[in-house]
Amino acid sequence: MLRREGSGDVKVFAFDPEDYRDEYRSQGWVHIKNGIAPEFFELVREFTRCELLDHRLEGFAIKGKKEQALFEFPQGFDHGRELFDVISVLCGLNRPTLTLSERHIQAYEPSAAPQPAAHKDRFGSQVSVGLSIDIPERSRLVLYPYDHRGLNPFNASAALRNALTPDELPEVALEAAREVELDDEPGDVVAFPGSTTWHLRRDSANSTNLYLKFNDFNCDPLGEDPHTEGLRAATLDLLRNGGGQGQEVIPVVARRFDAVSRTSTRNTWQEVLQARVWGEEPFPLTESQFKVLQSVDGERTLEAVARAASADGLDPQSVETDVRALAERGALDLMVPARASAEAAGV
Ligand SMILES: [Fe+2]
């Protein structure tokens with residue numbers, strides 16, 4: 001792991017987002033030549049060299065077309081100023097709720113397929129920001145911004161393919177689609193809506209990118225945002241200290257929450273309702289807990305949620321019990337209004 005002391009003032013980007021925001025809004029993507037700050041470019045290169053060397057030494061190889069490593073920002077790095085302030089302006093996202101849902105180095109193997117199938121990034125990739133690090137001459141980033149722009153609602157890129165009919169698969173659906181081929185070079189920045197845009201890297205062999213993914217709806221299944229762990233810890237603290245009883249709290253769907261599934265078993269098609277936090281085993285969900293989960297909007301207090309639920313015939317006391325149970329399991333987080341407003345102020 002790369003650690004640099006005193007690197008808190010390191011800059012990531014070498015452009016003013018105000019200069020490109022209109023282009024992103026009108027065109028739907030933006031390619032910024034030499035958009036990476038030179039010092040950061042060198043820092044990522046050094047990190048990548050160390051990581052790939054470590055992997056080789058350990059005999060480690062991620063199966064598939066590319067190796068991925070979690071990028072670690074330098075100690076003291078100011079995510080708010082260097083990432084969130086820039087990306088919220090560039091892409092028109094809501095700054096107070098901005099979440100960094102991925103920070104991966106993607107290094108393609110020498111044997112990577114020259115023309116892979118297109119994919120959409122996971123749900124949390126409302127905006128995918130690619131920082132081009134090592135890009136061979138022939139390699140191109142290909143976007144399909146004009147066709148089949150449906151959202152990938154899953155927390156994994158590959159899960160979308162399993163939900164498509166044969167004629168919806170990108171290798172069929174995109175046959176007549178208009179593509180945008182970006183000739184990106186080392187030092188460039190590309191931003192596009194990754195979860196709704198089919199895309200691929202053509203002739204990707206030996207190319208390396210740092211991909212940063214962002215959303216403004218509190219989604220971080222992999223737990224890669226610097227605030228996600230602290231939000232969870234604060235929720236568990238609240239629960240230990242009375243579970244939000246007698247205190248105003250705002251329930252919000254937890255950042256690492258994944259999905260609810262209703263399975264019909266082959267035994268008389270008996271239904272099983274379960275919830276899942278990313279990377280964990282599923283747990284049973286009652287119908288009333290599911291209703292409560294659906295009613296949470298991250299803005300209303302627990303008391304207001306319970307009041308609204310009672311208008312729908314639910315017992316307010318049981319709503320509060322359900323909220324605490326869901327928070328215990330990691331499906332919900334609890335924010336105290338002071339913290340919620342601090343978050344809203346980007347603190
Ligand atoms: Fe992607």
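Per-structure values
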| read-out | value |
| --- | --- |
| More than 27 Å apart - percent of Cα-Cα pairs taken over segment 12-170 | 32 percent |
| Rg followed by Dmax, in Å, when segment 204-347 is reduced to its Cα trace | 17.2, 60 |
| Residues whose placed amide H lies under 5 Å from that of W198, excluding near-sequence neighbours | Y144 |
| 222 nm mean residue ellipticity, helices alone, for the chain (DSSP H n ≥ 4; -39,500 (n - 2.57); rounded to 500) | -8000 deg cm²/dmol |
| Calculated diffusion of the chain, Stokes-Einstein form, Kirkwood radius summed over Cα pairs, 25 °C and 0.890 mPa s, µm²/s | 112 µm²/s |
| Test item: Cα-centred dipole of the chain, Lys/Arg +1 and Asp/Glu -1 on Cβ, debye | 640 debye |
| Subset of K213/K291; K11/K120; K120/K213 violating a 20 Å alpha-carbon distance limit | K213/K291; K11/K120 |
| Projected label distance in nm at C50 and E281, using a 7 Å step from Cα toward the beta-carbon | 3.7 nm |
| Mean accessible surface per residue for the chain, computed with a 1.4 Å probe while every protein chain stays in place, in Å² | 48 Å² |
| For A259, distant residues with modelled amide H under 5 Å away | R276 |
| Order by protection proxy (mean Cβ within 10 Å, highest first), peptides 10-21, 30-41 | 30-41, 10-21 |
| Rotationally averaged projected area of segment 79-235 (alpha carbon convex hull; nm²) | 9.9 nm² |
| ³J(HN,Hα) computed for each position of segment 263-268 - Karplus, 6.51 cos²θ - 1.76 cosθ + 1.60, integer Hz, glycine/proline x | 9, 9, 7, 6, 7, 6 |
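The values are calculated or read from the model by the stated rules, or taken from the named source; none is laboratory data. From a predicted model like this one, the values you see are computed outputs, not experimental measurements. All Cβ positions, glycine included, derive from the backbone under ideal geometry; neighbour counts span all protein chains shown. All accessible areas refer to the heavy atoms of the entire protein, side chains included, with ligands and DNA or RNA removed. Shrake-Rupley method; radii C 1.70, N 1.55, O 1.52, S 1.80 Å.
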